[in-house]
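Chemist: A single structure is presented below for examination.
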Amino acid sequence: MSLLEVDDVVMQFGGVTAVNHASFEAEAGHVTGLIGPNGAGKTTCFNIISGLQRPTKGKVHFDGKNVTSVPVHRRSKRGMGRTFQRLEAFGSLSVRENVRVALDIHRGVKGMLKPARADIDHLLERVGIASYADDRADSIPTGTARLLELARCLAGDPQLLLLDEPSSGLDETETDAFGELLRDLAAEGRAILMVEHDMDLVMGVCDTIRVLDFGEVIAVGDPAAIRADKRVQQAYLGYADDGDDDQDDQDDQPVGSHAAGHDDQTLVIPAVSATEGVS
Ligand SMILES: Nc1ncnc2c1ncn2[C@@H]1O[C@H](COP(=O)(O)OP(=O)(O)O)[C@@H](O)[C@H]1O
Ligand SMILES: [Mg+2]
């Protein structure tokens with residue numbers, strides 16, 4: 001059994017079905033990508049997994065137990081950690097103080113008596129933001145604030161990390177370092193479930209990718225399989241690339257998906273090159 005199992009989850013908001021009979025897992029030691037166009041239901045899945053929202057139907061199992069009705073703080077105690085798409089740090093506190101608060105919350109009253117400085121510094125080093133330790137959290141760049149979110153999440157030593165668009169605001173070098181950190185965290189035996197729009201990062205770092213569209217899981221596979229998947233291309237681009245080399249590609253027509261509402265700058269899946277997959 002995988003560390004996290006989402007079983008046939010449905011989430012309705014009035015007439016909107018945000019998640020539609022979705023089932024998927026996240027395994028210890030693996031980085032799993034959860035991708036899909038805007039509005040596909042990714043954040044709602046995270047809310048259900050972490051306990052912020054109760055699903056209309058379906059179950060969430062974590063570490064072999066049904067946690068569907070378990071409140072957020074208990075799930076956190078049992079080893080779930082989450083970062084948010086919207087940044088959640090305390091703006092008037094320093095970067096170091098923000099991590100300290102997270103560590104204190106995790107350790108509880110008794111733990112607060114222990115010296116935490118070395119642990120905090122270790123976390124800041126680990127995510128690569130030690131040089132910002134004394135800066136106010138509302139004065140740091142967005143990318144750094146995302147890494148601070150991750151440090152705060154790691155303060156709870158989670159077995160499962162739920163990361164919602166963690167790389168937005170990171171430059172290329174920071175994104176590369178972040179990808180390596182994710183691989184290291186997985187190598188420690190943690191399960192990582194990541195919602196992310198940076199396809200280079202997703203394709204470079206994930207073991208498995210699940211694709212959501214209109215709340216449904218439309219594809220599961222490794223990066224190469226996902227890139228080549230026609231339904232995924234349709235969901236993102238509004239058409240499936242037929243793989244031919246014609247200039248105008250008039251036969252690659254939109255198929256009436258909701259592609260018009262997508263942000264093409266961030267959502268284009270890198271094409272499979274002609275040589276890829278040929279051994
Ligand atoms: N609290 C809510 N009330 C009503 N509709 C919601 C709510 N949360 C999300 N939705 C709708 O559910 C769908 C999925 O949203 P979301 O999970 O945020 O998608 P994603 O994170 O993939 O962009 C969207 O149509 C969104 O408008
Ligand atoms: Mg979202």
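Chemist: Answer yes or no: is there a residue in region 142-152 that is in contact with a Ser or Thr (Cβ under 9 Å, 6 or more places away or on another chain) and assigned to a loop (DSSP other than H, G, I, E, B).
Modeler: No: region 142-152 contains no residue that is in contact with a Ser or Thr (Cβ under 9 Å, 6 or more places away or on another chain) and assigned to a loop (DSSP other than H, G, I, E, B).
Chemist: Moving on. Specify the residue that is farthest from ligand 1 (Cβ to nearest atom); the eligible residues are those in region 36-65 that are assigned to a strand (DSSP E or B) and surrounded by 21 or more Cβ atoms within 10 Å (Cβ to Cβ).
Modeler: Step by step, filter region 36-65, then rank; the result is F62.
Chemist: Only one residue in E180, E216, E174, E188 is modelled with pLDDT under 95 and of a type in the set (D, E), so which one is that? Working first, answer last.
Modeler: Working: E180 fails: modelled with pLDDT under 95; E216 fails: modelled with pLDDT under 95; E188 fails: modelled with pLDDT under 95.
Going through E180, E216, E174, E188 in turn, the sole match is E174.
Chemist: Here's a follow-up. How many of the residues making up region 113-138 are in contact (Cβ under 8 Å) with a residue 40 or more places away in the chain and more than 25 Å from the chain's Cα centre (by Cα)?
Modeler: Total meeting the criteria: 3.
Chemist: Right, next: Going through region 187-238 one residue at a time, which ones are within 13 Å of ligand 1 (Cβ to nearest atom) and charged (D, E, K, R)?
Modeler: Once the filter is applied, which keeps residues that are within 13 Å of ligand 1 (Cβ to nearest atom) and charged (D, E, K, R), region 187-238 yields E196, R210, D213, E216.
Chemist: Right, something else. Residue by residue through region 173-201, note down the ones that are touching a helix residue (DSSP H, G or I) at 6+ places or on another chain (Cβ under 7 Å) and assigned to a helix (DSSP H, G or I).
Modeler: E174, T175, G179, L181, L182, R183, L201
Chemist: Of (1) within 16 Å of ligand 1 (Cβ to nearest atom); (2) more than 25 Å from D222 (Cα to Cα); (3) in a helix (DSSP H, G or I), M11 satisfies all except one. Which?
Modeler: For M11, the failing item is (3).
Chemist: Quick one: A18 ticks every box in (1) out of contact with any Gly (no Cβ under 6 Å at 6 or more places or on another chain); (2) within 16 Å of ligand 2 (Cβ to nearest atom) bar one, so which box is it?
Modeler: (1)
Chemist: Turning to a different aspect of this structure: For region 22-35, which residues satisfy the criterion of being more than 16 Å from ligand 1 (Cβ to nearest atom), surrounded by fewer than 24 Cβ atoms within 10 Å (Cβ to Cβ) and touching a residue at least 40 places away in the same chain (Cβ under 8 Å)?
Modeler: S23, E27, A28, G29, H30
The values are calculated or read from the model by the stated rules, or taken from the named source; none is laboratory data. Just so we're clear, the structure is a prediction, and the values are computed from it rather than from any experiment. Note: ideal-geometry Cβ built from the backbone for every residue, glycine included; neighbour counts use all protein chains shown.
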